[in-house]
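The values are calculated or read from the model by the stated rules, or taken from the named source; none is laboratory data. Predicted, not measured: the structure shown is a model, and the values here were computed from it. A quick note on method: Cβ atoms are made from the backbone with ideal geometry, for glycine too, and the neighbour counts reach across all protein chains shown.
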Amino acid sequence: MIDLIRRLFFALLVFVIAMVVYFLWRGNPSGYGLMDLLQGKDSGQQLTLPGEAKVKPADVALLSQLDDEYTKLAAAVLPSVVSVNTKAMVQKLVQPFAGIPIYSGIVQVPQTGLGSGAIISKEGHVITNYHVVEGAQEVKVTLNDNQTFSATVLYRDAVRDIALLKIQSDRKDFPALSFADSDKTRVGQIVFAVGNPFGLSGTVTQGIISARNRHITDSAMDYLQTDTVINPGNSGGPLVNLRGEILGVNVAIYRGDQNVSSWQGIGLAIPASEAKAAVEEAMGGKPRTGYLGLEVNHDSVRINTGEASGQIGVFIVRVMDNSPAAAAGLLTGDVVTKFNGQPVGSSAELLALIRKTTPGSKVNLTVWRNGELGVVDCVTGQQPKAAGGM
């Protein structure tokens with residue numbers, strides 16, 4: 001019986017092979033067969049690739065020049081941008097599983113993190129975000145050429161969210177970026193974000209400055225807003241202008257939908273002026289950013305009654321406890337119309353004026369309170385350090 005099955009299977013196999021050979025030899029429905037191939041005939045189908053581009057560079061000279069300049073800028077900046085990798089030991093609670101009698105309690109487990117940074121000195125100083133290295137016991141930086149070095153955290157500023165690292169190397173020729181004057185930043189200005197999003201080092205994205213002064217207190221940054229693509233891992237990387245200067249330090253993305261952790265068109269960067277001030281303080285300079293301890297409404301108000309009728313002012317929504325503003329007698333509900341005699345037309349303008357003073361400066365604020373104008377004398381203080389700062 002088995003022999004019979006084998007013979008039938010063999011006969012069927014021979015028949016199938018014969019039919020395949022026959023169709024290949026005689027031709028398929030398109031008329032192209034094995035005989036045609038042996039005789040050097042083709043199938044009649046042609047593939048002719050174009051030899052030239054549709055558009056010549058000379059026809060789009062300005063775009064070609066812009067393309068070249070973008071690539072030159074990226075090539076100049078990338079060697080100065082590093083990936084920052086951290087390792088920390090964190091506590092984790094272990095509980096028995098489904099009643100199985102295993103060990104339970106607090107254990108130490110390793111936790112890794114990643115971010116970006118920019119080299120700002122030939123000796124290998126790197127600026128990044130405080131939250132990138134917060135709690136880290138080990139920090140390593142990887143250069144654009146894939147060299148990896150250990151790094152020491154020299155300075156932490158939790159309020160500004162700035163940290164200064166030092167690459168552990170005797171080199172004196174690290175490629176460094178300079179700081180731009182972020183006070184001259186213009187809305188619509190072209191910028192580039194460079195960093196390590198999702199661990200993809202050397203990533204460059206392009207956009208514009210969408211807005212300035214994105215904050216409402218004088219105890220935190222007035223961020224630059226950009227539509228440049230920024231994702232987790234970009235934190236600490238530079239936002240550069242067309243000169244390859246650090247205009248800001250990328251710090252966050254706006255999450256309108258809490259379930260979305262990727263880019264939504266709104267990124268925030270710490271202005272270079274604040275980052276540079278933090279670096280100067282880290283290297284032994286005196287604090288040069290003033291503070292009163294005010295939280296103000298983002299929208300300015302127009303006074304419609306009394307002697308101040310028609311004036312524009314800034315509404316104070318909170319006075320921080322134990323702050324210079326509290327010591328001077330400023331109150332929630334006050335409307336500030338002038339700073340050192342200079343009219344203030346917006347919250348951003350008032351906060352910028354406060355921050356530009358040095359700690360210990362005597363200033364006066366013209367305030368509308370209970371229908372009357374008055375002057376409150378203040379002495380600016382030093383920016384407070386959040387827990388964990390240095």
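When ARG160, ARG171 are checked against the criterion of being of a type in the set (Lys, Arg), closer than 20 Å to ASN234 by Cβ and either in the same structural domain as PRO271 (by TED's automatic domain parsing) or modelled with pLDDT under 95 (or both), ARG160 stands alone in meeting it.
Those strands (runs of 3 or more DSSP E) of the stretch 140-233 in which at least 1 residues are touching a Pro at 6+ places or on another chain (Cβ under 9 Å), touching a residue at least 60 places away in the same chain (Cβ under 8 Å) and β-branched (Val, Ile, Thr), considering only elements entirely within it, cover 190-195. Taking helices (runs of 4 or more DSSP H) as the structural unit, those lying wholly within the stretch 1-98 and holding at least 1 residues that are at pLDDT below 90, outside the structural domain of VAL126 (by TED's automatic domain parsing) and out of contact with any His (no Cβ under 6 Å at 6 or more places or on another chain) correspond to 2-26, 34-38.
Residues are listed down the side, and each one gets a yes or a no for (1) buried (at least 20 other Cβ atoms within 10 Å of the Cβ); (2) in contact with a strand residue (DSSP E or B) (Cβ under 8 Å, 6 or more places away or on another chain); (3) at pLDDT 85 or above:
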{"residue": "GLN258", "(1), (2), (3)": "no, no, no"}
{"residue": "ILE270", "(1), (2), (3)": "yes, yes, yes"}
{"residue": "ARG302", "(1), (2), (3)": "no, yes, yes"}
{"residue": "PHE315", "(1), (2), (3)": "no, yes, yes"}
{"residue": "LEU331", "(1), (2), (3)": "no, yes, yes"}
{"residue": "THR337", "(1), (2), (3)": "yes, yes, yes"}
{"residue": "GLY341", "(1), (2), (3)": "no, yes, yes"}
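Answer yes or no as to whether ASP299 is more than 29 Å from the chain's Cα centre (by Cα) and charged (D, E, K, R). For ASP299, the condition - more than 29 Å from the chain's Cα centre (by Cα) and charged (D, E, K, R) - is not met.
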